[in-house]
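The structure appears right after this line, and notes come after that.
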2 protein chains.
Amino acid sequence: MTEPAFITPNWIAVDWGTSNLRAWAMGPEGQVLAEAMSEDGMGKLVRDAFEPALLRLIGHWIGGGGVPIIACGMVGSRQGWCEAPYRSVPCTPLDPAALVAAPTIDPRLSVRIAPGLKQTSPADVMRGEETQIAGALSLMPGYDGVLCLPGTHSKWALISAGEVVSFQTFMTGEMFALLSKASVLRHGLQGEGWDDAAFDMAVSDALSRPERIGARLFALRAEGLIAGLAPASARARLSGLLIGTELAGARPYWLGQSVTLVGADRLSAAYARALKSQGIEVRRLNVTNCTLAGLSSLALQTEAIR
Amino acid sequence: MTEPAFITPNWIAVDWGTSNLRAWAMGPEGQVLAEAMSEDGMGKLVRDAFEPALLRLIGHWIGGGGVPIIACGMVGSRQGWCEAPYRSVPCTPLDPAALVAAPTIDPRLSVRIAPGLKQTSPADVMRGEETQIAGALSLMPGYDGVLCLPGTHSKWALISAGEVVSFQTFMTGEMFALLSKASVLRHGLQGEGWDDAAFDMAVSDALSRPERIGARLFALRAEGLIAGLAPASARARLSGLLIGTELAGARPYWLGQSVTLVGADRLSAAYARALKSQGIEVRRLNVTNCTLAGLSSLALQTEAIR
């Protein structure tokens, strides 16, 4: 997208996670006028560094001020810009009345942060995904069923009557990253390519015998050493083992349910393939579209409140 | 141990792993005259660096030469000093005829390396543990049953008639290290202390529902955030979850079996406690004693062959 010289957005949408900061200048019809991204994620910033980081990225969009900025994600955590306390499920994914204003020095800035959700038992939390869920529901009005949000910490959420009834987080994505970059398995995973058959078999293995995960992981290394297992197969098997183990644990969420996936394209495709092998057909939504739809719903409702 | 000024060992035992190099000067009655350790593990050395690293550590023990040196561990891997090809199970854990002489420049050095074991299906490998197993069998002559060797990559081995019949490796120790040092869980695990009750409950949870491991791991983070879970409890639960999941996968090895643990004291105690909760009483052997007994059996048999 080529950015016009002057932009006068109606409001600015911000997705501020642990690793990245993304922003969109939004027009009067909800269209995206411009977008911007930096690596100033929450994880790299002390409290005083949030405002300057935001100004560096979108200072040229706010003119003389008065442009509402609505943010979601880890920016609202205790280690973030300003804590937006978790709301407790069951509840709607977002509530405009629960937005928390971030303290700012620049008088042109008006930043409000969406809180995440918590569940007491079993203990669980989310920050950012509640906005994706709200967006998914605004893209699928009246949706009842299950949302699966694959990612670093995959979430499964049961939706009924517009509320998040319960949810569960799995460390699947972080485990894949740790095992493929920092464990002994990394030696056998380097290179390009993918092996669908290896993925499918691993999903099936993990679903039928999830307790063997620790042994099946080491087998990737052993087969690399003594049987020349190809990196493309090893990587697909690692992914299949971890996703299959997640599906085994999340079975109460998807068995006999309507499932919609909200996630990055490649990862969502892998989850869709694994679920299809279990007879579950899924609908897929683009995660950025959901984030923007969720923040837009907040912007509209906040506007109505004023 | 205070080292005497001059040592004239009959032979030298070496345990050369990925992270460390350990050596023992052995006397005529099998007693330890001196020991030495450095951080020159296999993982830090290129091929030409092994001989200098060994000479730095034990050069003062070999006098004019003629002192046999017998080594086990990753030093015999393809990335080690010189490859000692895996022997295939079922077989005795060690075979003096399979020792591989390392190429040396210093004429005083005579180094032989013990090979590891491999299993074709399911694919598995070990290097170093075969020596511990041989030592355990020399400390418990006629032992038939199961050996469990907890560690970075825990091994379970079925022993019959002096042979390793089959074995299986679990990545439990490496997972604990990755999750506690490099994952999002690290935030809630810092500090001292241990919580036996939390460990016991986690072992039981993991054994009964191993497929939930990915969710139970994230719950440690969530309970830390919203319920103030103490680091001592979180660490014990992480250990219990991973050991419990391993026990669930290794059930065919221990159920109704005689089990002997060979490992570091604290880790072995945790495994013993977890197995006891399942009605399995275990015998425990010190891992260094087993390594030395295994290398000693090689030294004796090699002597007899000459």
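The values are calculated or read from the model by the stated rules, or taken from the named source; none is laboratory data. Worth saying up front: this structure is predicted, and the values here are computed from it rather than measured. We place every Cβ from the backbone using ideal geometry, glycine too, and count neighbours over all the protein chains shown.
Only one of these is among the β-branched types (Val, Ile, Thr), under 17 Å from B:TYR253 (Cβ atoms) and more than 14 Å from chain A (Cβ to nearest Cβ): B:ILE113, B:ILE133, B:ILE105. Name it.
It is B:ILE133.
Read through the list (1) more than 14 Å from every other protein chain (Cβ to nearest Cβ); (2) touching a helix residue (DSSP H, G or I) at 6+ places or on another chain (Cβ under 7 Å); (3) assigned to a helix (DSSP H, G or I), then give the number of the only condition that B:PHE176 fails.
(1)
Go through (1) crowded, with 18+ Cβ neighbours inside 10 Å; (2) part of a loop (DSSP other than H, G, I, E, B) one by one and return the number of the condition B:ILE213 breaks.
For B:ILE213, the exception is condition (2).
Taking the condition of being more than 19 Å from the chain's Cα centre (by Cα) and assigned to a loop (DSSP other than H, G, I, E, B), how many residues in the range A:62-77 meet it?
Residues flagged as more than 19 Å from the chain's Cα centre (by Cα) and assigned to a loop (DSSP other than H, G, I, E, B) within the range A:62-77 amount to 7.
Per-residue answers, yes or no, for (1) in contact with a Gly (Cβ under 7 Å, 6 or more places away or on another chain); (2) surrounded by 13 or more Cβ atoms within 10 Å (Cβ to Cβ); (3) over 30 Å from B:ALA227 (Cβ atoms); (4) among the basic types (Lys, Arg):
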{"position": "A:ASN10", "(1), (2), (3), (4)": "yes, yes, yes, no"}
{"position": "A:LEU33", "(1), (2), (3), (4)": "yes, yes, yes, no"}
{"position": "A:ASP40", "(1), (2), (3), (4)": "no, yes, yes, no"}
{"position": "A:GLU83", "(1), (2), (3), (4)": "yes, yes, no, no"}
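For the range B:91-111, indicate whether the set of residues that are buried (at least 23 other Cβ atoms within 10 Å of the Cβ), touching a Gly at 6+ places or on another chain (Cβ under 6 Å) and of a type outside the set (Ser, Thr, Tyr) is non-empty.
Looking through the range B:91-111, none of the residues is buried (at least 23 other Cβ atoms within 10 Å of the Cβ), touching a Gly at 6+ places or on another chain (Cβ under 6 Å) and of a type outside the set (Ser, Thr, Tyr).
Select from the range A:112-164 the residues that are assigned to a strand (DSSP E or B) and either modelled with pLDDT under 95 or surrounded by fewer than 19 Cβ atoms within 10 Å (Cβ to Cβ) (or both) and list them in ascending order.
A:GLY145, A:SER160, A:GLU163
Being away from chain A (no Cβ under 14 Å), among the basic types (Lys, Arg) and either on the phi < 0 side of the Ramachandran plot or touching a Lys or Arg at 6+ places or on another chain (Cβ under 7 Å) (or both) is true for just one of B:ARG266, B:ARG251. Which residue is that?
Checking each option against the conditions leaves just B:ARG266.
Which residues, taken from the range A:184-209, are part of a loop (DSSP other than H, G, I, E, B) and either exposed (fewer than 13 other Cβ atoms within 10 Å of the Cβ) or touching a residue at least 12 places away in the same chain (Cβ under 8 Å) (or both)?
A:LEU189, A:GLN190, A:GLY191, A:GLU192, A:GLY193, A:TRP194, A:ASP195
Between residues in the range A:143-154 that are of a type in the set (Asp, Glu) and residues that are in a strand (DSSP E or B), which pairs lie under 7 Å by C-beta distance while being six or more apart or on different chains?
Hits for this filter: A:ASP144/A:ILE159; A:ASP144/A:SER160.
Give A:ALA264, A:ALA272 a once-over and let me know the one that is surrounded by fewer than 19 Cβ atoms within 10 Å (Cβ to Cβ) and either assigned by TED's automatic domain parsing to the domain that holds A:GLU246 or touching a strand residue (DSSP E or B) at 6+ places or on another chain (Cβ under 7 Å) (or both).
A:ALA264
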